[in-house]
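Reading through the structure tokens given below for one structure.
The values are calculated or read from the model by the stated rules, or taken from the named source; none is laboratory data. In this text the structure is predicted, and so the values were computed from the model without any measurement. Using ideal geometry, Cβ is built from the backbone for each residue, glycine included, and neighbour counts are taken over all protein chains shown.
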Amino acid sequence: MTVSANVQEKLSRLGIRHELDLILHLPIRYEDETHLFPITDAPQGQTVQVEGVIVHNEVVVRPRRQLVCQVEDSSGILAMRFLNFYGSQIKTYAVGKRVRLLGEIRHGFFGAEMVHPKCRIVREGESLADTMTPIYPTTAGLTQKTLGKLIEQVLQDTHAMQTLTETLPEKIINTYRLAGLRDSILCLHNPPPEVSIAALQARTHPAWRRIKFDELLAQQLSMRLHYRQRRSHSAPVLTQKNTLTTHFLEQLAFKLTAAQIKVAAEISRDLAAVHPMQRLLQGDVGSGKTIVAALAALQAIENGFQAAIMAPTEILAEQHFQKLSTWFEPLGISVAWLSGSQKKKHKQAILDDIALGTAQLAVGTHALFQEQVLFHQLGLAIIDEQHRFGVHQRLALRMKGAQSNNLVPHQLMMSATPIPRTLSMSYFADLDVSVIDELPPGRAPVVTKLIADDRRSEIIARIQYACRQGKQVYWVCPLIEESDTLQLQTAMETYENLHQVFPDLNIGLVHGRLPTQEKTEVMASFKQGDIQLLVATTVIEVGVDVPNASLMVIENAERMGLSQLHQLRGRVGRGSEASICILLYQKPLSDIARKRLRIIFEHTDGFEIARQDLNLRGPGEFLGARQSGVPMLRFADLEQDGALLTAAQTTADEMLNDYPDLAQRHIERWLGDKTEYLRV
Ligand code: ADP
Ligand code: MG
């Protein structure tokens, strides 16, 4: 097939590069032109086709120029209205012409009308379409007509269609009662009139079911394959020696929750295996993931290997460093701290410790995976808040271990944003997942209050009171996405203003641009309780742990995403005191902002919030396509197709074991060259 360079460029914008991509470019909806309705009996609220003769044609000004034609059939009359029209159309739609209109009929002030219908001049008795008209997703500059023709052309091309052989074993097709692939594709492109348009639109028709199954299966196959490939490497065998870990648990001020014990055991078992662990640890904010990570690190160290913990922000990395140092140093373990902003000489000394193995645990930011960092024997890499890191950064840290020996270190990723089950079954199918599903006991739930910005004076007294009671307060400044500078400026202004309002309080300010040294000092004095009110930008979003802080004010909460709000709110309610989170918002609220605020107001469970967030935004935005690197599902809907997802999951393992060639062909068909982006 030959297409112009121009069309080719448009097609590639739609991800269409090969003939097969055209075949798999399926309609988003259909128009039914197989049927004519009498004007007066046509159903409302849906697209219908009618036919009649133009009996009146007039350009009116009310108040804008528009072309209005009256169209009549044997049952009645209908106005068609064009708000934008060419001069030539006045002639085309002359009185006496017979037209077929496709559109939605509305009953307005001037009777029944169709605004901007699809309109075509026809002869009397002209035949109707014998299949529904597919409408394809397209892009600017590429018309439905051109795209439709190209697709039609490939479907007619026997050679191209021959490549569409079955990749599913008979057995699978029978087990899940799946429709044939070729039949399904032909049916979706050109559905015969007897097919229920409702089933097509809702994507419940067997043809859609087959396509969605194939798509989900391709995703499962490619992710499980990556999983198996990584598993084929050797890893250091880190057995559970129970020397350091036992000591550590004995001196801990609290007992692990049942959920912590369960996930710690899952991780411990993985570490003792000969293949690298690739596990995602999920748990809501405050569920106590750090301690589970610490136990894993100890198991590596017990075995004479090093462990590394990487965190996305300096504040969080520093906090981990302090916490882990106080936990580990009494056990005689040396902990190193690496950040991008350290002085060269100082840094070199730390790098040497890491290279020699005298540093048994290294804690740091992304500085940890830069080239100069060489580990003596890295056994375990832990990545906190994994979604914050890019694919390449995660890969780099994992590869660190492979330098000194051929062993690939174990990898533990931690996610603060709970991931709904269907999403973790699909987009995270290349990882083993552990979930901490309970919070430590004795946490008083955070009370959330929504307050319009014009009532902000009401919260002043509340802050005053909290501080007088010896409590501490966070004041979170608005997120200004377009400009860092503006965000900083707002934070400074807020800080100044609050100084005026509370002359007798000790107020601190922390933001992303603050030099590391100062950041550390501010956070330390907040932790010690010297600072009573901490004004902060969203840098404190993740990880920060100051249990005595029990009141948080978030400004312009309507601008923030759900997971961000949930994370921020998770900074309070960490002690046994009842905590309050006040969400200040600016009116008027957009529809989506109102929905978000309602969800965060009504729910405290991170998994439930994540589920609703996924519904609100869809997986692409929820995951952030950039971070996930996994090809997005085009046809399957995780909410609707949970059963198919489970089926695809079982099938994937069966196919990789018993039909590896078919599995390979299936992946190539559906993902082609997209698999290289897979998460590492
Ligand atoms: P997150 O899962 O959000 O990373 P952290 O690991 O920061 O949570 O833990 C939150 C707080 O709960 C910390 O102060 C931690 O010391 C404390 N904590 C963790 N586990 C327990 C437990 N089993 N009992 C009581 N407190 C705990
Ligand atoms: Mg954490």
* Structure fact -> Flagged in the range 259-308 as touching a Gly at 6+ places or on another chain (Cβ under 6 Å) and within 13 Å of ILE436 (Cβ to Cβ), in numbering order, are GLN260, ASP284, VAL285, GLY286, LYS289
* Structure fact -> The condition from (1) more than 27 Å from PRO440 (Cβ to Cβ); (2) touching a residue at least 40 places away in the same chain (Cβ under 8 Å) that LEU498 misses is numbered (2)
* Flag for LEU252 being within 16 Å of ligand 2 (Cβ to nearest atom), surrounded by fewer than 20 Cβ atoms within 10 Å (Cβ to Cβ) and either of a type outside the set (Asp, Glu) or modelled with pLDDT of 90 or more (or both) -> no
* Asked: Restricting attention to the range 588-597, does a residue exist that is among the basic types (Lys, Arg), more than 15 Å from ligand 1 (Cβ to nearest atom), more than 30 Å from ILE383 (Cα to Cα) and not assigned by TED's automatic domain parsing to the domain that holds HIS320?
  -> yes
* Asked: Which is more than 30 Å from GLN66 (Cα to Cα), surrounded by 13 or more Cβ atoms within 10 Å (Cβ to Cβ) and over 32 Å from the mean Cα position of the chain (by Cα), of THR131, THR163?
  -> THR131
* Report yes if some residue within the range 457-464 is more than 16 Å from ligand 2 (Cβ to nearest atom), closer than 22 Å to ILE580 by Cα, without any contact (Cβ under 8 Å) to a residue 24 or more places away in the chain and of a type outside the set (A, V, I, L, M); otherwise report no. => yes
* Structure fact -> Here the qualifying pairs (Cβ atoms under 6 Å; residues six or more apart or on different chains; first in the range 81-105 and in contact (Cβ under 8 Å) with a residue 12 or more places away in the chain; second part of a loop (DSSP other than H, G, I, E, B) and surrounded by 15 or more Cβ atoms within 10 Å (Cβ to Cβ)) come out as LEU101/PRO117; LEU102/PRO117; GLY103/PRO117; ILE105/ALA42
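Check PHE305, PHE328, PHE321 and return the single one that is of a type in the set (Phe, Trp, Tyr), more than 11 Å from ligand 2 (Cβ to nearest atom) and crowded, with 24+ Cβ neighbours inside 10 Å.
PHE305
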* To do: State yes or no: is ALA359 in contact with a helix residue (DSSP H, G or I) (Cβ under 6 Å, 6 or more places away or on another chain), modelled with pLDDT of 90 or more, away from ligand 1 (no atom under 16 Å from the Cβ) and within 30 Å of ILE419 (Cα to Cα)?
  => no
* Asked: Can we say LEU614 is part of a loop (DSSP other than H, G, I, E, B), at pLDDT 85 or above and not assigned by TED's automatic domain parsing to the domain that holds GLY573?
  -> no
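Counting residues that are among the charged types (D, E, K, R), in contact (Cβ under 8 Å) with a residue 40 or more places away in the chain and within 27 Å of ILE609 (Cβ to Cβ), which helices (runs of 4 or more DSSP H) fully inside the range 244-305 reach at least 1?
258-271, 289-302
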* Asked: Filtering the range 420-470 down to residues that are in a helix (DSSP H, G or I) and closer than 30 Å to MET632 by Cα, which residue is nearest to ligand 1 (Cβ to nearest atom)?
  -> SER424
* To do: Collect the residues in the range 261-292 that are within 13 Å of ligand 2 (Cβ to nearest atom) and either of a type outside the set (Gly, Ala, Ser) or crowded, with 23+ Cβ neighbours inside 10 Å (or both), keeping them in residue-number order.
  => LEU281, GLN282, GLY283, ASP284, VAL285, SER287, LYS289, THR290, ILE291, VAL292
* Structure fact -> Filter the range 502-545 for residues that are polar (S, T, N, Q) and part of a loop (DSSP other than H, G, I, E, B); the one that is nearest to ligand 2 (Cβ to nearest atom) is THR537
* Asked: Restricting attention to the range 202-224, does a residue exist that is in contact with a strand residue (DSSP E or B) (Cβ under 7 Å, 6 or more places away or on another chain), in contact (Cβ under 8 Å) with a residue 24 or more places away in the chain and not basic (Lys, Arg)?
  -> no
* Filter the range 539-570 for residues that are within 16 Å of ligand 1 (Cβ to nearest atom) and of a type in the set (S, T, N, Q); which is nearest to GLN464 (Cα to Cα)? -> SER550
* Could you count how many residues in the range 546-576 are buried (at least 19 other Cβ atoms within 10 Å of the Cβ), farther than 21 Å from PRO478 by Cβ and more than 16 Å from ligand 2 (Cβ to nearest atom)? -> 1
